[in-house]
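Step one of this worksheet: look at the structure below.
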Amino acid sequence: MNTKIYGCIFLGLISSSALADFIEDSQVTLTARNFYLDRNYTAPDVTQPAAKEWAQGFILSAKSGFTEGPIGLGVDVYAGTGIKLWGDKEHSFGTGLLPVNRPSLEPTDSYGEIGVTAKAKISETELKAGTLFPLNPVLVGSPARLLPQTYRGIALESKELDKVKIEAGYVDRVNHRDSTNYEKIRLSAANMKYAGVETSGLHYIGGYYYLRPETTFALYHANLHEVYDQYTFWARNTYSINEEWSLYNDFRYFRTVDSGDSLAGHIDNHHGNIVFALNKNNHKLSVGYIHNSGDTGFPYLSGGEANTYLDAWSTDFLNPNEKAWSVRYDYDFKEQIPGLRLMTRYTKGDDIELVNLVGDDRELEERKFGIELSYQLQHTALKGLNIRLRHEDYKNDFGPKATFKTAKEQRVNIDYTWKFK
């Protein structure tokens, strides 16, 4: 599947159609993203002392409307470029910001990529083909570095039914956050839970049911070809107690088993996580619990992350038999300094079994503490400029072979988006 060919075909069709809505409903944005990542490994037996880089990225997004008529046609264009500000071969491995040149292992000075998405719409049903930015319970194009992770494939979204959104799709290649090339999709081999096998693609189907604006349910199925079948159920709800107080809960359950030729071997995982959050005016206190059971850990795709609620950079909390709890506190300074926000959280996981990694069946532990301060300018010529400072302290007893190593990490992000239309 060649996205350039799709783009040319659709542009040819569009040129012969009425263009009023195609142009009128178009959107063009340019985001400048400055990203500094500094991860210092603090265990005594590490071979690499740190992973650190500093880079500047630019992301252009041009989305058309649809042509008039029973079948509306359109095209979206994505262009991204990254520029090295600092980095070297001793420290760049593992940052995920810049591609690495072979065989020198030096980070590249600059890189760029272009993606084209052709789209068609009938009533409330939209079909896309080409470059995709998926974000659903079973497939995530990670936006967590300088440039986003993208997939190549076809995606269908339908809102024909009241209070229901149905999605289906197929992807066969992935372009990672620190790459410009599409490659076969792999299963993550993090912490040696699974072999990092290649697969011919992934297809998924599912949907959301919006019982009311505050209550949502989701049910999805994904098949990673010859590797696994994954089923997931979500339930989210916000309950307003009064004008000051509200209660939020988010429950997510995943069941994953090997399928087809079982290229990654035996897979048998139950994963559940639940979060309760209590809000009062500017304050928000959240408590969460993660539960993994079955014979193996939670499988997910290489180069990104799984769509579980409890976000973490230094680890995944998805190891075999792992149980974890988390406490998080958010404060919005909207009454003192509008645009300033604070977040801090602590998460600990135990009962972890990583026999492939440590060679025995002893129970392991991991924990992390993180703090984040962000500020969005409100009343200047650069209104909307966002500055984000993050620190995380992570520890485990997994040993030197682990993918996730004991470390202290700092990230600085400065983002600004221009909207041209």
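The values are calculated or read from the model by the stated rules, or taken from the named source; none is laboratory data. Quick caveat, the model's predicted, so the values are computed rather than measured. Reconstructed Cβ throughout: ideal geometry from the backbone, glycine too, with neighbour counts over all protein chains shown. Just so you know, the surface numbers come from the protein's heavy atoms only, side chains and all, with ligands and any DNA or RNA stripped out. Shrake-Rupley method; radii C 1.70, N 1.55, O 1.52, S 1.80 Å.
Points worth noting:
- Restricting attention to the range 227-252, the residues being under 13 Å from Asn307 (Cβ atoms), out of contact with any His (no Cβ under 9 Å at 6 or more places or on another chain) and open to solvent by less than 20 Å² (accessible area, probe 1.4 Å) number 2.
- Test for Ser293: is it crowded, with 20+ Cβ neighbours inside 10 Å and among the hydroxyl-bearing types (Ser, Thr, Tyr): no
- Pick from the range 322-356, criterion within 23 Å of Lys401 (Cβ to Cβ) and under 21 Å from the mean Cα position of the chain (by Cα), ranking: surrounded by the fewest Cβ atoms within 10 Å (Cβ to Cβ): Thr347
- Within the range 290-297, one or more residues are under 17 Å from Gly196 (Cβ atoms) and within 23 Å of the chain's Cα centre (by Cα).
- Qualifying position, being of a type outside the set (Phe, Trp, Tyr) and surrounded by fewer than 15 Cβ atoms within 10 Å (Cβ to Cβ), among Leu224, Leu202, Leu211: Leu211
- Number of residues in the range 376-400 that are within 30 Å of Asp351 (Cβ to Cβ) and exposed (fewer than 14 other Cβ atoms within 10 Å of the Cβ): the value is 1.
- Answer from Ser123, Ser110 - the residue that is open to solvent by 40 Å² or more (accessible area, probe 1.4 Å) and under 30 Å from Phe217 (Cβ atoms): Ser123
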